[in-house]
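Asks: The structure that follows is given in the form of structure tokens.
The values are calculated or read from the model by the stated rules, or taken from the named source; none is laboratory data. Since this is a predicted model, take the numbers as computed values, not measurements. Cβ atoms come from the backbone with ideal geometry, glycine included; neighbour counts cover every protein chain shown. Just so you know, the surface numbers come from the protein's heavy atoms only, side chains and all, with ligands and any DNA or RNA stripped out. Shrake-Rupley method; radii C 1.70, N 1.55, O 1.52, S 1.80 Å.
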Amino acid sequence: MAEELKIRIQNYKKVEEGLIKLGAKFSEEIDVIDTYFKQPAGEVLKITEDNKGNFLVNLKLKNGKFEIIKYEKIDNIEKLKKELINKFGIKCVLKKKRRFFNFENYIININLIENIGEFLVVEGKNLTPEIITKKLKIKNPEFITVSFDELKQ
């Protein structure tokens, strides 16, 4: 099952330069609106809207990483959004830019989230903190083990 590791970063341009030096290839930048629905601690349910379409995303915290339980394209966003609002209520809406890089067997994306900060997210299988520190050569990473909606003040 795919999972993700997240760290807070301070200077995304410097991090991107480091990724490119290691051989990562920039693929695209997209604007995203994530609508998070109220869920129990350690669980995430959100609708992601971007230029590729609309997606229902369900994540679960496991051993300090998020397991991707569901990531499926949805056609009737308004109907589903209304159902989820009625069932759970909206927790928050986050707007961000995501900058994607391909590196070895990982998808790396930099999330620039309005009013929250800059984050590096590594998606893949069997992720360990060493991927961040040894493969990506990021010193003293600040791992984020909560969903981005939990960081909203």
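Asks: Right, residue 111: open to solvent by less than 30 Å² (accessible area, probe 1.4 Å) and assigned to a strand (DSSP E or B) or not?
Replies: On the way: open to solvent by less than 30 Å² (accessible area, probe 1.4 Å): yes; assigned to a strand (DSSP E or B): yes.
Spelling it out, residue 111 is indeed open to solvent by less than 30 Å² (accessible area, probe 1.4 Å) and assigned to a strand (DSSP E or B).
Asks: Looking at (1) outside any strand (DSSP E or B); (2) open to solvent by less than 70 Å² (accessible area, probe 1.4 Å), which is the one condition that is false for residue 40?
Replies: All conditions are met except number (2).
One line per residue, one yes/no per condition, for (1) part of a strand (DSSP E or B); (2) open to solvent by less than 70 Å² (accessible area, probe 1.4 Å); (3) under 24 Å from residue 150 (Cα atoms); (4) modelled with pLDDT under 95:
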| residue | (1), (2), (3), (4) |
| --- | --- |
| 26 | yes, no, no, no |
| 34 | yes, yes, yes, no |
| 49 | yes, yes, yes, no |
| 56 | yes, yes, yes, no |
| 66 | yes, yes, yes, yes |
| 71 | yes, no, yes, yes |
| 83 | no, no, yes, no |
| 86 | no, no, yes, no |
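Asks: Which count do you get for residues in the range 131-153 that are open to solvent by 60 Å² or more (accessible area, probe 1.4 Å), part of a helix (DSSP H, G or I) and within 19 Å of residue 45 (Cα to Cα)?
Replies: In the first step, residues of the range 131-153 are kept if they are open to solvent by 60 Å² or more (accessible area, probe 1.4 Å); the result is 134-135, 137, 139-140, 142-143, 145, 150, 152-153.
Checking which are part of a helix (DSSP H, G or I) leaves us with 134-135, 150.
Cutting the leftovers down to within 19 Å of residue 45 (Cα to Cα) gives us 150.
Selection size over the range 131-153: 1.
Asks: Would you tally the residues in the range 1-24 being open to solvent by 20 Å² or more (accessible area, probe 1.4 Å) and part of a strand (DSSP E or B)?
Replies: The qualifying residues number 3.
Asks: A further question follows. Determine which member of the set 134, 97 is closer than 23 Å to residue 18 by Cβ and touching a residue at least 60 places away in the same chain (Cβ under 8 Å).
Replies: On the way: 134 fails: touching a residue at least 60 places away in the same chain (Cβ under 8 Å).
Going through 134, 97 in turn, the sole match is 97.
Asks: Checking residue 106 against (1) closer than 30 Å to residue 14 by Cα; (2) open to solvent by less than 30 Å² (accessible area, probe 1.4 Å); (3) of a type in the set (Phe, Trp, Tyr), which test does it fail?
Replies: Unmet condition: (2).
Asks: Let me ask something additional. Is it fair to say residue 118 is within 28 Å of residue 22 (Cα to Cα), among the acidic types (Asp, Glu), open to solvent by 20 Å² or more (accessible area, probe 1.4 Å) and touching a helix residue (DSSP H, G or I) at 6+ places or on another chain (Cβ under 9 Å)? Quick ask: steps written out before the conclusion?
Replies: On the way: within 28 Å of residue 22 (Cα to Cα): yes; among the acidic types (Asp, Glu): yes; open to solvent by 20 Å² or more (accessible area, probe 1.4 Å): yes; touching a helix residue (DSSP H, G or I) at 6+ places or on another chain (Cβ under 9 Å): yes.
Yes.
Asks: Picking from 59, 19, which residue would you name as being in contact with a strand residue (DSSP E or B) (Cβ under 9 Å, 6 or more places away or on another chain) and farther than 19 Å from residue 99 by Cβ? Write out each step before concluding.
Replies: Details: 19 fails: farther than 19 Å from residue 99 by Cβ.
One residue alone meets the criteria, 59.
Asks: Among 139, 81, which is over 12 Å from residue 6 (Cβ atoms), touching a residue at least 40 places away in the same chain (Cβ under 8 Å) and either touching a strand residue (DSSP E or B) at 6+ places or on another chain (Cβ under 7 Å) or not hydrophobic (A, V, I, L, M, F, W, C) (or both)?
Replies: Working: 139 fails: touching a residue at least 40 places away in the same chain (Cβ under 8 Å).
Being over 12 Å from residue 6 (Cβ atoms), touching a residue at least 40 places away in the same chain (Cβ under 8 Å) and either touching a strand residue (DSSP E or B) at 6+ places or on another chain (Cβ under 7 Å) or not hydrophobic (A, V, I, L, M, F, W, C) (or both) holds for just one of 139, 81, which is 81.
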